[in-house]
Amino acid sequence: MKSTSAAVAASLVCLIVAPVLAQTTPSASPTATVPVPATKRVTCLATTASLKGQDKRDQLQLCLAQARLDCLKQAIDQKIVGESRKSFIKTCVGGDATEPQ
């Protein structure tokens, strides 16, 4: 009888301690990966993935044009000019700002 109650007590302790240990956050290690935000190009590709043919091409072209326009507006707001603006827009859109087809 004593071994049964000892086993029950031990399992109860495990049930109480396990969730507490699981909630502790590990310290950030230098090898930890940092999530990279998706570019507007990746978002456009993901939103048109379910489409096919001409519909896909049309929607992708519209989405990329809108993404480029949004990035241009952002560059204007930040008063970025010249070659810096060109590279900013490329980086913002996520590539060469043209349709990959």
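We did not get these values from a lab; they are worked out from the coordinates using the rules stated. Predicted, not measured: the structure shown is a model, and the values here were computed from it. With ideal geometry, Cβ positions are generated from the backbone for all residues, glycine too; neighbour counts draw on all protein chains shown.
Residues that are assigned to a loop (DSSP other than H, G, I, E, B) and either touching a residue at least 12 places away in the same chain (Cβ under 8 Å) or surrounded by 12 or more Cβ atoms within 10 Å (Cβ to Cβ) (or both) within the range 63-80 comprise just one, ILE80. I'm trying to understand the selection: among the residues of the range 35-62, which are assigned to a helix (DSSP H, G or I) and under 15 Å from PHE88 (Cα atoms)? If the condition is that a residue be assigned to a helix (DSSP H, G or I) and under 15 Å from PHE88 (Cα atoms), then LYS40, ARG41 are the ones that fit.
Filtering the range 42-66 to residues that are touching a Lys or Arg at 6+ places or on another chain (Cβ under 9 Å) and among the aliphatic types (A, V, I, L, M) leaves ALA49, LEU51, LEU64.
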